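Below is one structure, written out as structure tokens; comments come after it.
The values are calculated or read from the model by the stated rules, or taken from the named source; none is laboratory data. Not measured: the values here are computed from a predicted model. All Cβ positions, even for glycine, are placed from backbone atoms using ideal geometry, and neighbour counts span all protein chains on display. All accessible areas refer to the heavy atoms of the entire protein, side chains included, with ligands and DNA or RNA removed. Shrake-Rupley method; radii C 1.70, N 1.55, O 1.52, S 1.80 Å.
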Amino acid sequence: MPSSFKDEGFFSHIRRIEKMRDQLNNIKTQAENELSAVTAIQELENLRVKFLGKKGELTSVLRGMGSLSAEERPVIGQLANEVREFLENKIEEAKKRLVNSERNKKLADEVIDVTIPGKRKILGTKHPLSIVIDEITEIFLGMGYEIAEGPEVEKDYYNFEALNIPKNHPARDVQDTFYINENVVLRSQTSPVQIRTMQSKKPPIKIICPGRVYRSDAVDATHSPIFHQIEGLVVDKGVTMGDLVGTLEIFAKGLFGENSKIRLRPHHFPFTEPSAEVDVSCWACGGTGCRVCKNEGWIEILGAGMVHPKVLEECGIDPDVYSGFAFGIGAERTAMGRFNIDDLRLLYENDLRFLRQF
Ligand code: DAH
């Protein structure tokens, strides 16, 4: 028996080496199995840490190498390196496989079926009121008018007083006004913009003012507490009623067609003298009488007149030198006529089935 065999430690050394070898081989097979079953990158990373990480299984086996002798160490060391290399290769392989299959899955998911019908983008349409207001504005811009604006929360002074409607004037009752306080109202007409314009500009003045107005009316087929007017004002030397009539004729033909006619009926507005209500020949029947015009042949759409001298004076314009005409067009009424809408509420309910018709 060789002397070394007498060494009691000899067999235990052999056992230790065998044990480590077994451990390393186990790690190898176990890792190989687990790696081949891996399906996600994160899982793979977890396995890498489990086997090769600082606290991993391979490392813990290598820690045990301290107890080996100088001859044994390289044997196990080499095996350990082989296992490490093997695992690293397997991990790299698995990674490639996963990346590849993830890419393929993504590509498959992103396949575009060009035969599926496209999603239709539904375009909005212009509201009938906007259509009419824009058309009217266009007509007057074409005649050299400028657009003016004024506040909807307005001073009593501009809404009434300066328009020759003093306190207690019956005209105030006609326009059921929303009062914010004694001196401030929600404007009941766009006429206050006339005053604001004349007080801030010198003639010649030619303005058009589309805007929202408010009156304390209950809602029904022809009334709404909010509605729209388009105010017009012209002030210059020598402006006459003939200019007003000519202007309104151009307006009516522009909006309702070349064959449209207008007719003026005497009326009263405190801020104009003389004043008139203006009708347009019925756009549906052309004047012979039909359901739309209630057999009248005419439809009333605006009020107008020559600016009252008192109003000019209030604005610092000498009525002996200057004169002017003004008008106020009802936008809702015009839109309802133009599009044959029989209930004003339709204009405010925003029912798509209605709005899509324009
Ligand atoms: N502001 C009037 C109303 O709301 C309409 C009107 C009539 C305006 C005659 C005018 C005008 O400018 O001259 O009933």
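Just for the stretch 52-75: of the residues that are closer than 12 Å to His13 by Cα and not small (Gly, Ala, Ser), which one is surrounded by the fewest Cβ atoms within 10 Å (Cβ to Cβ)? Top of the filtered list is Glu71. Taking into account only those residues within the stretch 188-213 that are among the hydroxyl-bearing types (Ser, Thr, Tyr) and more than 11 Å from the ligand (Cβ to nearest atom), which is most open to solvent (accessible area, probe 1.4 Å)? Across the stretch 188-213, the extreme among qualifying residues is Ser200. In this entry, Phe354 passes the filter for residues that are more than 16 Å from the ligand (Cβ to nearest atom), under 30 Å from Lys126 (Cα atoms), free of Cβ contacts under 8 Å to residues at least 40 places away in the same chain and aromatic (Phe, Trp, Tyr). Pairs are defined by a Cβ separation below 7 Å, a sequence spacing of at least 6 or placement on different chains, a first member in the stretch 309-329 that is in the same structural domain as Tyr158 (by TED's automatic domain parsing) and of a type outside the set (Asp, Glu), and a second member that is within 16 Å of the ligand (Cβ to nearest atom) and at pLDDT below 95; the pairs so defined are Ile329/Ile301.
Taking the stretch 248-305 as the range and being of a type in the set (Lys, Arg) and under 23 Å from Ile139 (Cβ atoms) as the test, the residues that pass are Lys253, Lys261, Arg263, Arg265. With respect to Thr137, determine if the residue is of a type in the set (S, T, N, Q) and touching a strand residue (DSSP E or B) at 6+ places or on another chain (Cβ under 8 Å). The answer is yes for Thr137. Is it true that some residue in the stretch 153-170 is within 28 Å of Glu349 (Cα to Cα) and either assigned by TED's automatic domain parsing to the domain that holds Gly316 or over 26 Å from the mean Cα position of the chain (by Cα) (or both)? Yes, that holds for at least one residue. Residues in the stretch 176-187 include none that are part of a helix (DSSP H, G or I) and open to solvent by less than 80 Å² (accessible area, probe 1.4 Å).
Here Gly150, Gly144 are screened, and the one residue that is of a type outside the set (Asp, Glu), in contact (Cβ under 8 Å) with a residue 24 or more places away in the chain, under 15 Å from Thr190 (Cβ atoms) and not in a helix (DSSP H, G or I) is Gly150. The C-beta contact set for the stretch 288-305 (first residue closer than 24 Å to His268 by Cα, second residue more than 11 Å from the ligand (Cβ to nearest atom) and assigned to a loop (DSSP other than H, G, I, E, B), distance under 6 angstrom, 6+ apart or interchain) comprises Cys293/Cys282; Gly297/Cys282; Gly297/Gly287; Gly297/Gly289; Ile299/Cys282; Ile299/Cys293.
Among the residues of the stretch 250-261, those that are under 17 Å from Gly337 (Cβ atoms) and in a helix (DSSP H, G or I) comprise Phe251, Ala252, Lys253, Gly254, Leu255, Phe256. Across the stretch 272-294, the number of residues qualifying as open to solvent by 20 Å² or more (accessible area, probe 1.4 Å) and under 43 Å from the mean Cα position of the chain (by Cα) comes to 10. So, Phe251, is that one at pLDDT 90 or above and open to solvent by less than 10 Å² (accessible area, probe 1.4 Å) or not? Yes. Among the residues in the stretch 169-177, are any closer than 19 Å to Ala304 by Cβ, touching a residue at least 24 places away in the same chain (Cβ under 8 Å) and either of a type outside the set (S, T, N, Q) or within 12 Å of the ligand (Cβ to nearest atom) (or both)? Yes, because at least one residue in the stretch 169-177 is closer than 19 Å to Ala304 by Cβ, touching a residue at least 24 places away in the same chain (Cβ under 8 Å) and either of a type outside the set (S, T, N, Q) or within 12 Å of the ligand (Cβ to nearest atom) (or both). Residues in the stretch 311-333 that are among the aromatic types (Phe, Trp, Tyr) and open to solvent by 30 Å² or more (accessible area, probe 1.4 Å): Tyr322 alone. Just wondering, is there one or more residues in the stretch 109-129 that are loosely packed, with under 10 Cβ neighbours inside 10 Å, assigned to a helix (DSSP H, G or I) and at pLDDT below 95? Checked against the condition, which is being loosely packed, with under 10 Cβ neighbours inside 10 Å, assigned to a helix (DSSP H, G or I) and at pLDDT below 95, the stretch 109-129 yields at least one hit.
Among the candidates Gly238, Gly232, the residue that is over 17 Å from Glu314 (Cβ atoms), within 11 Å of the ligand (Cβ to nearest atom) and small (Gly, Ala, Ser) is uniquely Gly232. If the condition is being surrounded by fewer than 22 Cβ atoms within 10 Å (Cβ to Cβ) and either touching a residue at least 24 places away in the same chain (Cβ under 8 Å) or among the polar types (S, T, N, Q) (or both), then the stretch 154-164 contributes Lys155, Asp156, Tyr157, Tyr158, Asn164.
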